[in-house]
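Colleague: The structure is given below, and queries will be raised subsequently.
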Amino acid sequence: GGSGFGTAPTAANSPSLEPEETRTSEAGAKWDFFGGRLSLNSAVFRTEKVNARTRNLASEPFVLSGRQRVDGVEVGASGNVTPRWALTAGYAFMDSAFDASANPDEVGNELAFTPEHTFSVWSTYQLPGGVTVGGGAQFMDAVYRNAINTQAVPSYWLGSALASYRVNEHLSLRLNVQNVTDAVYVDRVGGGHYIPGPRRQALFSADFSF
């Protein structure tokens, strides 16, 4: 079973606290190109937590008087630029802030684990003779791991690559390489320490169909 409710007034999961409330508003648009083969989309949004749990000192009980906000923009593309060239890409910008908090050191700071910029792109191209090649990149901006913005997780780039060969109508061979530059990066944070992401990995596979 999972953990139960906290009984102490200083517990964040105390049943005496009302649920937090979040409001989200969004507007977007979509465009099709090349006869509908390629789609572009964009959106702007705002997400607000209007009664966030907050306190000034660890010895104080939580109160629902905090206010947290994320304003963002997303743009993306997906589809085929040509019959042989496929593309998927996306970018997001997020401006986050503690607009109100019982802890004055948090007010105006960025929210923890909320990157300002993220980006990803993946593309494949079908060559003659049943060969397909592809590659992509992913960017994660630096994030703070605490609300007072004194501890940060560095930004990183990751690259990936693909090569496949269709031997015949029943057999295809594929090679995928993740983290092609063997970058050292922080994948997540837990238990008070950094957890590194996987190093370079190569996976060879064979697909059979009948």
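The values are calculated or read from the model by the stated rules, or taken from the named source; none is laboratory data. This structure is a prediction, so every number in the text was calculated from the model and none was measured. Cβ sites come from the backbone with ideal geometry, for glycine too, and all protein chains shown count toward neighbours. We work out accessible area using only protein heavy atoms, side chains counted, and drop any ligands, DNA or RNA first. Shrake-Rupley method; radii C 1.70, N 1.55, O 1.52, S 1.80 Å.
Colleague: Residue check: is residue 142 within 21 Å of residue 93 (Cα to Cα) and among the aliphatic types (A, V, I, L, M)? Please lay out each step first, then the result.
Modeller: On the way: within 21 Å of residue 93 (Cα to Cα): yes; among the aliphatic types (A, V, I, L, M): yes.
When the stated conditions are applied, residue 142 passes them.
Colleague: Hey, another quick one. How many residues does segment 159-176 hold that are open to solvent by less than 30 Å² (accessible area, probe 1.4 Å) and not polar (S, T, N, Q)?
Modeller: Number satisfying all stated conditions: 2.
Colleague: Same structure, new question: Would you confirm whether any residue within segment 109-122 is aromatic (Phe, Trp, Tyr) and outside any strand (DSSP E or B)? Full working, then the answer.
Modeller: Kept after step one, since they are aromatic (Phe, Trp, Tyr), are these residues of segment 109-122: 113, 119, 122.
Now drop any that are not outside any strand (DSSP E or B), which leaves 113.
Checked against the condition, which is being aromatic (Phe, Trp, Tyr) and outside any strand (DSSP E or B), segment 109-122 yields at least one hit.
Colleague: Residue 113 - would you say it is open to solvent by 70 Å² or more (accessible area, probe 1.4 Å) and closer than 26 Å to residue 156 by Cα? Please lay out each step first, then the result.
Modeller: Values: open to solvent by 70 Å² or more (accessible area, probe 1.4 Å): yes; closer than 26 Å to residue 156 by Cα: yes.
Here the answer is yes, as residue 113 does meet what is asked.
Colleague: So which pairs qualify, if the first residue must be in segment 186-210 and over 14 Å from residue 152 (Cα atoms) and open to solvent by less than 60 Å² (accessible area, probe 1.4 Å), the second must be charged (D, E, K, R) and part of a strand (DSSP E or B), the Cβ gap must be under 8 Å, and the two must be at least 6 apart or on different chains?
Modeller: Every condition considered, the pairs that remain are 197/187; 205/174; 206/174.
Colleague: Next question. I'd like the full set of residues that are hydroxyl-bearing (Ser, Thr, Tyr) and at pLDDT 95 or above, limited to segment 23-56. Reasoning before the result, please.
Modeller: In the first step, residues of segment 23-56 are kept if they are hydroxyl-bearing (Ser, Thr, Tyr); the result is 24-25, 39, 42, 47, 54.
24, 25, 39, 42, 47 - these are the residues of segment 23-56 that are hydroxyl-bearing (Ser, Thr, Tyr) and at pLDDT 95 or above.
Colleague: So, one more: Tell me yes or no: at least one residue of segment 163-170 is within 22 Å of the chain's Cα centre (by Cα) and more than 23 Å from residue 110 (Cβ to Cβ). Write out each step before concluding.
Modeller: Initial filter on segment 163-170 (within 22 Å of the chain's Cα centre (by Cα)): none.
The answer is no; no qualifying residue exists.
Colleague: Still on this structure, please answer the following. Restricting to segment 72-82, give me the number of residues that are open to solvent by 40 Å² or more (accessible area, probe 1.4 Å) and either within 28 Å of residue 98 (Cα to Cα) or small (Gly, Ala, Ser) (or both).
Modeller: Initial filter on segment 72-82 (open to solvent by 40 Å² or more (accessible area, probe 1.4 Å)): 73-75, 78, 80, 82.
With either within 28 Å of residue 98 (Cα to Cα) or small (Gly, Ala, Ser) (or both) added as a condition, the list becomes 73-75, 78.
So the count comes out to 4.
Colleague: Please pick out the residue among 132, 124, 181 that is over 14 Å from the mean Cα position of the chain (by Cα), at negative phi, open to solvent by 70 Å² or more (accessible area, probe 1.4 Å) and of a type outside the set (A, V, I, L, M).
Modeller: Going through 132, 124, 181 in turn, just one is over 14 Å from the mean Cα position of the chain (by Cα), at negative phi, open to solvent by 70 Å² or more (accessible area, probe 1.4 Å) and of a type outside the set (A, V, I, L, M): 181.
Colleague: Return the total of residues in segment 160-210 being in a strand (DSSP E or B) and in contact with a Pro (Cβ under 8 Å, 6 or more places away or on another chain).
Modeller: Qualifying residue count, segment 160-210: 3.
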